[in-house]
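What follows draws every value from the coordinates through simple rules; no lab data is involved. If you're wondering where the values come from, they're calculated on a predicted model, not measured in any experiment. Every residue, glycine among them, receives a Cβ derived from its backbone with ideal geometry; neighbour counts consider all protein chains shown.
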Amino acid sequence: MQLVKRIKVAGIVGVVILAVSLLFAFAPAPQKKNRVVPPDAAKEKNPMPNDATSFAAGKNIYNLKCTSCHGKKGKGDGPKSAEFDDKPQDFTAAEFKKQSDGELCWKITMGNTTMPCFKHQMTKDQRWQVITYLRKL
Ligand code: HEC
């Protein structure tokens, strides 16, 4: 009797697992999470000097941590970009450039569905320096 009960429970668990996996199989591809940058963060000014030192530091960080997805020239065509549903933006596009430094810093800090969160991987100064570099791409 005990055994029959166990088989029944196993059967129910199996059906539930199957149903859940089917649900995921047919769920639409994950949508780009809409990010609303908090107004205070968007207003933040880049405190790093806009000079060759910041540019060189930013370039170094960019080449190390960003090119795999965003591409060497920031066109969004890095070798890993083909793996994702949400494509990395083209940093040379006017649409991208019209954002404030504060908005970009917040996005780099927080990340998104595919875009990694760099809050703990980079200091805030480094995030501002990489923005100095992005501006010149
Ligand atoms: C694993 C791949 C990956 C890496 C590595 C990566 N990104 Fe991204 N990034 C993305 C994707 C995909 C998006 C587009 C989705 C989105 O808007 O978050 C994105 C979006 C962004 C945006 C927002 C653009 C906009 O107009 O909203 C910024 C800024 C950005 N990345 C900067 C960086 C910087 C700087 C680095 C390196 C420190 C970096 N990313 C590393 C994948 C990546």
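Structure notes:
- Taking trypsin sites (Lys or Arg not before Pro) across the stretch 54-106, the ones in a DSSP loop with at most 10 further Cβ atoms lying within 10 angstrom of their Cβ are 98.
- Efficiency of FRET between residue 136 and residue 109 - r from beta-carbon atoms, R0 35 angstrom, step 0.05: 0.95
- Placing a pseudo-label 7 Å from each Cα along the Cα-to-Cβ vector at residue 34 and residue 124 gives an inter-label distance of 2.9 nm.
- Per-residue extension of 0.36 nm, minus the Cα-Cα distance of residue 99 and residue 6, leaves a gain of 27.5 nm for this segment.
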